[in-house]
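The values are calculated or read from the model by the stated rules, or taken from the named source; none is laboratory data. Owing to the predicted nature of the structure, the values given are computational and were not obtained by experimental measurement. Note: ideal-geometry Cβ built from the backbone for every residue, glycine included; neighbour counts use all protein chains shown.
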Amino acid sequence: MVAIVLPQQDGKMADKHIPIIMEEVTDPEELAKARAQRQRFDRNSAWLQAHATEVYARYRGKCVVIAGEELFAADTPEEAWALATAAHPEDDGSFIRYIPREKMARIYANQRRVVAV
């Protein structure tokens, strides 16, 4: 059981217990679909990595969706998803990112380091 703490209207926190159900998928057809979706995601992710400098410089303050190894930018997530879905309705490996308006240093906590001994 997982406890999720949500703010209430009065500002107090409320514990909500939401069950998490895990299932093992063994159906070869479902596994093949999942692998194909992951491959589409990986291609889209690689596209963004290859074009990151241009994307992050040009689309500050925008929501961008990468679908079909193509970028779709808009002011809102809904608009960006609509553009991407219209162009690539079959791409279930698409994803969205918000490009912050200003370039700044980011701190990524809990990074594990491997030390040679």
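Listed by first and then second residue, the pairs with beta-carbon distance under 9 Å, at least 6 apart or on different chains, first residue in the stretch 70-85 and without any contact (Cβ under 8 Å) to a residue 60 or more places away in the chain and of a type in the set (Gly, Ala, Ser), second in a helix (DSSP H, G or I) and loosely packed, with under 15 Cβ neighbours inside 10 Å, are Ala73/Arg58; Ala74/Ala82.
The rows are residues; the columns are (1) in a loop (DSSP other than H, G, I, E, B); (2) modelled with pLDDT under 95; (3) over 30 Å from Glu24 (Cα atoms).
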position	(1), (2), (3)
Ala46	no, no, no
His51	no, no, yes
Leu71	no, no, yes
Ala82	no, no, yes
Asp92	yes, no, no
Met104	yes, yes, yes
Tyr108	yes, yes, yes
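Total residues in the stretch 41-93 satisfying the condition of being buried (at least 20 other Cβ atoms within 10 Å of the Cβ) and either in contact with a Gly (Cβ under 7 Å, 6 or more places away or on another chain) or farther than 28 Å from Ala105 by Cα (or both): the figure is 5. A search for C-beta distances below 7 Å between a residue of the stretch 15-31 that is at negative phi and any residue that is of a type in the set (A, V, I, L, M) and at pLDDT 95 or above, counting only pairs 6+ apart in sequence or on different chains, returns Val25/Leu31. The single condition among (1) modelled with pLDDT under 95; (2) surrounded by 10 or more Cβ atoms within 10 Å (Cβ to Cβ); (3) under 30 Å from Pro89 (Cα atoms) that Ala14 does not satisfy is (3).
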